[in-house]
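Below is one structure, written out as structure tokens; comments come after it.
The values are calculated or read from the model by the stated rules, or taken from the named source; none is laboratory data. The structure displayed is predicted, hence computed values, not measured ones. A quick note on method: Cβ atoms are made from the backbone with ideal geometry, for glycine too, and the neighbour counts reach across all protein chains shown. Heavy atoms of the whole protein, side chains included, go into the accessibility calculation; ligands, DNA and RNA do not. Shrake-Rupley method; radii C 1.70, N 1.55, O 1.52, S 1.80 Å.
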Amino acid sequence: QSLHITAESHVQMTPRNELPTSLPKSAWDDLDTQVNEGDFWEFVIPSHFVQPSALLFNWMNKLNMRDRRDDPLTMLTELCGALHDNFTYAPYTTGVDSPIEQILTTGEGVCQDYSHVMIAMARHLRIPCRYVSGYLFIEREEERHIANDASHAWVEAFLPELGWVGFDPTNNQMAGHRHIRVALGRDYHDVPPT
């Protein structure tokens, strides 16, 4: 009739290294070389919840994110902020199986929707991007819509010289020592909480 799962962990996190504000324009070429020589294929192609569509491309045009410009870090930082500014965090407006078209149509969703949209846009730009499932330790008032015991989602993108870098579009911030990573996947389909 029921199933109870209890998980307890002691987590010690250290602050991440400070990131530059941008990368050289040549980072696009460096990224292409690393993607072509590395094992990133599953993080640059569509996946279960991350599918390209006309609606996605319309949003990319609106946000000026359809084509590569500047450098990968600058574009991802701007994309993170644009998704935060253009979508409304609204619990219970989407479900775990909602396609990204739902948030793209209504403008409302939760952390997994923000993450799926960012992943789809990054992959269109041929930036390897993966879904991160975990928890965000809350210590600031502006993050009050997420409880410490609620799961959270954000993305990690692979960047030249930096490796995998975390972006939290729900809160418009870089993922840091308060982002407790539990699992990685192509999208939510790979890493449901249980």
> Looking at residue 71, is it touching a Lys or Arg at 6+ places or on another chain (Cβ under 9 Å) and either closer than 20 Å to residue 172 by Cα or free of Cβ contacts under 8 Å to residues at least 12 places away in the same chain (or both)?
Replying inline: yes
>> What's the total number of residues in the range 154-172 that are surrounded by fewer than 21 Cβ atoms within 10 Å (Cβ to Cβ), over 11 Å from the mean Cα position of the chain (by Cα) and in a strand (DSSP E or B)?
In response: 2
>> Can you say whether residue 99 is within 12 Å of residue 125 (Cβ to Cβ), within 17 Å of the chain's Cα centre (by Cα) and open to solvent by 10 Å² or more (accessible area, probe 1.4 Å), as far as the supplied structure shows?
In response: no
> Of the residues 90, 82, which single one is without any contact (Cβ under 8 Å) to a residue 24 or more places away in the chain and either out of contact with any Gly (no Cβ under 8 Å at 6 or more places or on another chain) or open to solvent by 70 Å² or more (accessible area, probe 1.4 Å) (or both)?
Replying inline: 82
> Are there any pairs, at least 6 apart or on different chains, whose C-beta atoms fall under 6 Å, with the first in the range 178-194 and over 13 Å from residue 135 (Cα atoms) and the second outside any loop (DSSP other than H, G, I, E, B) and open to solvent by 60 Å² or more (accessible area, probe 1.4 Å), and if so, which?
Replying inline: 186/42
> Is it fair to say residue 127 is within 30 Å of residue 29 (Cβ to Cβ), part of a loop (DSSP other than H, G, I, E, B), modelled with pLDDT of 95 or more and in contact with a strand residue (DSSP E or B) (Cβ under 9 Å, 6 or more places away or on another chain)?
Replying inline: yes
